[in-house]
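S.K.: Let me begin by handing over the structure; questions about it come next.
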Amino acid sequence: MAIPQHTIDQILDRTDIVDLIGQRVKLKKTGRTYSGCCPFHQEKSPSFHVYRDKQYYHCFGCQANGNAIRFLMDIDNRNFIDVMKDLASQAGIELPKDNQDSKRLSYKRDSKPAITAQKTADTPLAPIADSAILDHDPFEQFQQLDDPFAAFESYADFNNEPVQEGNLYDLLENIAQFYERQLPHSQTAQQYFKQRGLTAETIQFWRLGYAPEDWQHLEKAFPQDIEGLKLLGLIRTSDSGRDFDLLRDRVIFPIRDAKGRVVGFGGRALNDEIKPKYINSPDSEVFHKNQLLYGLYEGRKLKAQDWLMVEGYMDVIALQQYGIYGAVATLGTASNTEHLNILFKQNPRITLAFDGDAAGQKAARRTLEIALPLLNDGRELKFFVLPPDHDPDSLIRREGLENFQRLLQQAPLLSDFIFAHLTQNHDISTPEGKSQVMGELRELTDLLPKQGSFRYLLNQAFKEKLGFGKRWIPPVNNDASLSFNIQTRDEDFAIALLMQHPFLYIHFETLRAFIDTEQLLAQILAILDTVFDHLPDDQELATYYVLGACSEYSQEIADIIQRTNIEALTQAPEMADKLASDYSMGLQEKYLRQKLKAPLSLLESRNLRQQLNELTKKISLRLVS
């Protein structure tokens, strides 16, 4: 099976190398990279680094390096095709069969196009018998032609050349250059860009151009490539059977994919009365607007750090000209999960811009519902709501770069945006209003990933803002909490302690052999057993991670944490460790005595009694010390 390079590139673009390698290697974020111990050689100090922005890994110890494909080939000792099949399946991309993919990118070029005579004011078409009667110099006229031999060569058929094949990517690049060359010939198009404040450097950087008014300008410019132009949707056929160009008398925005290849065009009408104002290339074999972001390639080229999703091409271009390099826009479609995932691969923190009107609020809510399932721990989303009657282009021209950046930095986090959005229509000074808000919040939090802390933390944040939990709490007897004869259930203190200090699970692991699996503590211990090896090294992050992993029991856990006041009991790390050991032994004793009341056999009774005697000795020694 031959896999074209563009298909390989597409699969790699959709594969997050950090997520992929993170399934095999425990990675820790260090600056802009992720590091861990190399899986290809034995080492104690991490020298293995993964670069998300470059989709690349490198070990400074054994020099192993490569992309996601190379990693899977080396780690599993698999061949290229097997790895590509797996990655393609995960990325939702169908691999070519019998080289069909390459064939879809090719088209037949007409080697003998018809000659189209074009009459101009300087070139009469009447037959000339005597050069003496000409009113111009034939050699001067000849030298002014773009391609003097084009007509002759296309007309000649004595070579009897076979049908040539064209490539859609090559054709698109040639069309982009053609449109660029037309811009200097249109005063109207140049004036439009001037009015929008674009410099010559910006126009050149974005390769902006102009599509002439002529209804068949592409056919005349590319007479051998009619089939390719139709495959790209740049030539349409009317009901009467006449071919015409899709983009006419419009300024042109070439659209490039993540690799910098031209894959389509956007065209903006120069007359605002013409509808639609913007036209994009239709989807084709190389152009899938739902999987592309305008400005992504350019932002990468400029090494953008922060990414902002805006609405239009001109917003992206204007922001880049002012020094905001990470702006991107969808291609005339609403944002979707594919667009957001593309941005999250660039940076786990992204910002979305919306108009402040009703339509903008509606779009923000829709995008919010799309984004929530993607918010794994570590990802952050901000909502930049624009002032009325402004888009990013007009706002940065009015405010200047410094003020625009200040407004952008003040954009609310997703949690604050959701709170403002849900409370604007309810009176949160009443129990009824608070109940409505929490009901709507639950609908949104149900969309969040179950594995992660954000669901729990968002609920807690809302409760605090709405004034929940402000009730009388009975004082806790700290002395009693250190005893094994605690009136409050020891299971509750164990749960609270595990939430506050997840690494202390090592003290409670043995309980899983005795505890009733229906108990809440048993459920939490089972979850901790699953996630323990993946806990972040940072204590606070580990707490968030476990709270997220146990989000199914968030309400019960919240009540237990509040009731036990565990944070006050474990301010000293050594105290937390001692408490964990005490609670663990106390609970083991409790469960052993329960099992001894109804042993399944004499052998089990003997074993349980032996374990209880050993445990009692440990407890006695601990109390004496």
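The values are calculated or read from the model by the stated rules, or taken from the named source; none is laboratory data. Bear in mind the structure is a predicted one, so any value in this text is a computation, not a measurement. Counting neighbours? That spans all protein chains shown, and the Cβs are built from the backbone with ideal geometry, glycine included. Heavy atoms of the whole protein, side chains included, go into the accessibility calculation; ligands, DNA and RNA do not. Shrake-Rupley method; radii C 1.70, N 1.55, O 1.52, S 1.80 Å.
S.K.: Carbon and sulfur together cover what percent of the accessible area of the range 195-332 at a 1.4 Å probe radius? Intermediate values should be presented prior to the final figure.
M.R.: Details: 2670 of 5780 Å².
Carbon and sulfur: 46 percent of the exposed surface of the range 195-332.
S.K.: Given a 1.4 Å probe and the protein chains all in place, what does the accessible area of F80 round to, in Å² to the nearest 10?
M.R.: Roll a 1.4 Å probe over it and F80 shows about 70 Å².
S.K.: Once each part is reduced to its C-alpha centroid, what is the distance from the range 75-94 to the range 305-357 in angstrom?
M.R.: 30
S.K.: Continuing with this model, one more query. Ignoring ligands, DNA and RNA, what accessible area per residue does the range 314-375 give at 1.4 Å, in Å²?
M.R.: Using a 1.4 Å probe on heavy atoms only, each residue of the range 314-375 averages 33 Å².
S.K.: Name the lysines eligible as straight-distance cross-link partners of K590: C-alpha to C-alpha under 23 Å, and not fewer than 8 places from it in the same chain.
M.R.: Qualifying lysines at Cα under 23 Å: K578, K617, K618.
S.K.: When all protein chains stay in place, what accessible area (Å², nearest 10, 1.4 Å probe) is found for R397?
M.R.: Using a 1.4 Å probe on the heavy atoms, I get roughly 110 Å².
S.K.: Sticking with the crude label model, points 7 Å out along Cα→Cβ, report the distance from R242 to D416 in nm, one decimal please.
M.R.: About 5.9 nm, to one decimal.
S.K.: Just order 604-612, 256-264 by mean Cβ neighbour count inside 10 Å, highest at the front, would you?
M.R.: Listed from highest to lowest mean packing, they are 256-264, 604-612.
S.K.: Tell me which residues come under 5 Å, amide H to amide H, from G264 once H is placed; ignore anything under 5 positions away on its chain.
M.R.: I255
S.K.: Rounded to whole Hz and in sequence order, give me ³J(HN,Hα) for the range 255-267 from the Karplus expression 6.51 cos²θ - 1.76 cosθ + 1.60, θ = phi - 60°, writing x for Gly and Pro.
M.R.: 10, 10, 7, 4, 8, x, 7, 5, 10, x, 9, x, x
S.K.: Please list, or write none, the lysines whose alpha carbon is within less than 23 Å of the alpha carbon of K44, excluding same-chain residues fewer than 8 places away.
M.R.: Within the straight-line limit of under 23 Å, K44 reaches these lysines: K26, K28, K29.
S.K.: Still on this structure: Enumerate by residue number the GluC sites (Glu not before Pro) in the range 388-448 meeting two conditions: DSSP loop (anything except H, G, I, E, B), and at most 10 other Cβ atoms within 10 Å of the site's Cβ.
M.R.: Passing sites in the range 388-448 do not exist.
S.K.: Taking the Cβ-Cβ separation of D170 and K275 as r and a Förster radius of 35 Å, what is the calculated FRET efficiency to the nearest 0.05?
M.R.: 0.60
S.K.: Net charge near D357, counting Lys/Arg +1 and Asp/Glu -1 over other residues with Cβ under 15 Å of its Cβ?
M.R.: -1
S.K.: Let me ask you something else. With r as the distance between the Cβ atoms of Q539 and Y51 and R0 = 30 Å, compute the FRET efficiency 1/(1 + (r/R0)^6) and round to 0.05.
M.R.: 0.65
S.K.: Could you pull out the pairs from K345/K450; K220/K277; K220/K259 whose alpha carbons sit more than 27 Å apart here?
M.R.: K220/K259
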